[in-house]
Amino acid sequence: MAQTKTPVRTVVDSARYRKVRWFFVRLSLHLIWWDVVLNLPVGRRWRTPPSSRWPQLARRYRELAVEMGGVLIKLGQFLSTRVDLLPNEVTDELAELQDQVPPAPIEAVVAQIEADFDCPLNTLFEWLSPDPLGAGSLAQAHQAQLRSGETVVVKVWRPGIAALVESDLRICKRTFWWLTYYKPLQRQLDMARLIEEFVKVTQGELDSEAEGRNAERFAEDFADDPQICIPKVFWDYTAAHTLTMEDVSYIRIDDAEGLEAAGVSRAKVAKKIFNVFLTQSFVTHFVHADPHAGNLFVKPLA
C-alpha cells in the first residue's frame, strides 16, 4: 500500500496572501514611523517607548496566527524562542501560540487519509481515534490500530496545508526582505540567511517520506542504546500527507508530576537527553531539530 509521491503544482490562496501581506505592511509602516522616523533627534519627544507598543503588535500577530493557522503559528513559535533578538514582552506574548493550535475536524483528517491511499479508512485501520494526541501548525497526530493489531500513531498533514505554506512563505520572504533595511536587526543577524533556513525547514516538514527516513536514521544511530526508543515507521501506511509510526507515547517529558509519581528521576532524564544531544552534535552529526514536549516521552524501566 505504500504510495509514490508525484510533484503537485501548488495553488496559492490569494485571499489569505492579501490578508497576511496587509498585516505585515502595517507592521513595517509602524516600525518605520515609530522606530526610524520618530527615533531621529527632532522626533524623539513624540516617540512612544517600544516596551508599550511591541507587546500590542505581538498580540495582534498572535491573534492573526490563531485565526489563520499554518506557517504563521510556526513563525510565531519560532520567534518566541528568540530571546536573544526580541524583548521579553514580545516573546512572552508569542509563547502562548505553543498551546493555541486548534485541531482540524476529524472529517477533514479522514478525508485526507482516504485521498492519500485512495481507499476507505476502514480498509487501513481497525479504528482511528477522533481526538488528536496533539495538534501542530502543519499536522496533527491520532492514535489508531492497524487491522493486523498493532497500535500506531498516524500523523496527518492538515488538509490544504501545501497552499497555506506556499502563501505564507511568500509573504514571509518578502517581509524579511523589508526588514533587512531595519538597522537594529541588521546588526544582530543575517536576515537573508534566517529566512532561507526557515523556508527550507518548513518546506521539509511537509515531506512525510523524509521524516520517516530521518526516524530510521535516528534508530540506526542509537541502536546500541537500550534507553533510547525511536518509533518504527509503517511504510505500507505512509503516503504523501500521512505518516504512520509505532506508538511510543508515554509520560510527556514536561509532565513533572507524572515523572515523579512514576519514580523517574528528572535529573537523570535531563542528563540523558543532554548526552544524547551531545552525541548527535559531535558524533552522529544528525540532530533532532524539534525536541518539544510532544515529541519526547519517558517510559520507566523495570
Percent relative contact order of segment 7-134, based on C-alpha pairs within less than 8 angstrom and at least six residues apart?
-> 16 percent
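In the structure shown, do any of Lys155/Lys271; Lys155/Lys299; Lys19/Lys173; Lys200/Lys299 have a Cα-Cα gap over 25 Å, and if so which? All intermediate terms of the calculation are to be shown ahead of the outcome.
Numbers: Lys155/Lys271 29 Å; Lys155/Lys299 21 Å; Lys19/Lys173 15 Å; Lys200/Lys299 33 Å.
Correct reply: Lys155/Lys271; Lys200/Lys299.
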Output for segment 83-151 (equivalent-ellipsoid semi-axes, sqrt of 5λ from the C-alpha gyration tensor, Å, descending) is 35, 12, 9
Just need the relative contact order of segment 130-257 here, percent rounded to a whole number, with Cα pairs under 8 Å and 6+ apart.
-> 23 percent
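Normalised radius of gyration for segment 186-302, please: alpha carbon Rg relative to 2.2 N^0.38 Å, two decimal places. Intermediate values should be presented prior to the final figure.
Working: Rg = 16.6 Å, N = 117, 2.2 N^0.38 = 13.4 Å.
Output field value: 1.24.
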Heavy-atom accessible surface of the chain: percent carbon and sulfur, 1.4 Å | 55 percent
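For segment 33-165, just say rounded, prolate or oblate: build the C-alpha gyration tensor, square-root its eigenvalues into a ≥ b ≥ c, call rounded for a/c under 1.5, and beyond that prolate if a/b exceeds b/c, oblate if not.
The shape class here is prolate.
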Please determine, in degrees from 0 to 90 and to the nearest 10, the orientation of helix 191-204 with respect to the longest principal axis defined by the Cα atoms of the chain, where the helix direction is its Cα long axis.
-> 30 degrees
Cα-Cα pairs of segment 251-302 separated by more than 17 Å (percent) | 39 percent
Amide H neighbours of Arg82 under 5 Å, counting only residues 5+ apart in sequence or on other chains, H built in-plane at 1.01 Å?
-> none
For the chain, dividing by residue count, accessible area per residue (probe 1.4 Å) in Å² works out to 58 Å²
May I ask you to derive the relative contact order of the chain, considering only C-alpha pairs under 8 Å and at least 6 residues apart, and to give it as an integer percent?
-> 17 percent
Nearest-ten-degree value, helix 14-32 long axis tilted from longest Cα axis of the chain = 40 degrees
Which translational diffusion coefficient, to the nearest whole µm²/s, is obtained for segment 56-97 from the Stokes-Einstein equation, given a Kirkwood hydrodynamic radius over C-alpha pairs, 20 °C and 1.002 mPa s?
-> 218 µm²/s
The chain: D in µm²/s via Stokes-Einstein (Kirkwood Rh, Cα pairs, 20 °C, 1.002 mPa s)?
-> 99 µm²/s
Taking H as built 1.01 Å from N, whose amide H comes closer than 5 Å to the amide H of Gln143, not counting residues under 5 places away?
-> Ser129, Leu133, Val154
Relative to the longest principal axis of the C-alpha atoms of the chain, give the angle of the C-alpha long axis of helix 208-221, reported between 0 and 90° and rounded to the nearest 10°.
-> 70 degrees
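The values are calculated or read from the model by the stated rules, or taken from the named source; none is laboratory data. Everything quoted here is computed from the prediction, not taken from an experiment. For the accessible areas, the whole protein counts, side chains as well, though only heavy atoms, and no ligand, DNA or RNA atoms are used. Shrake-Rupley method; radii C 1.70, N 1.55, O 1.52, S 1.80 Å.
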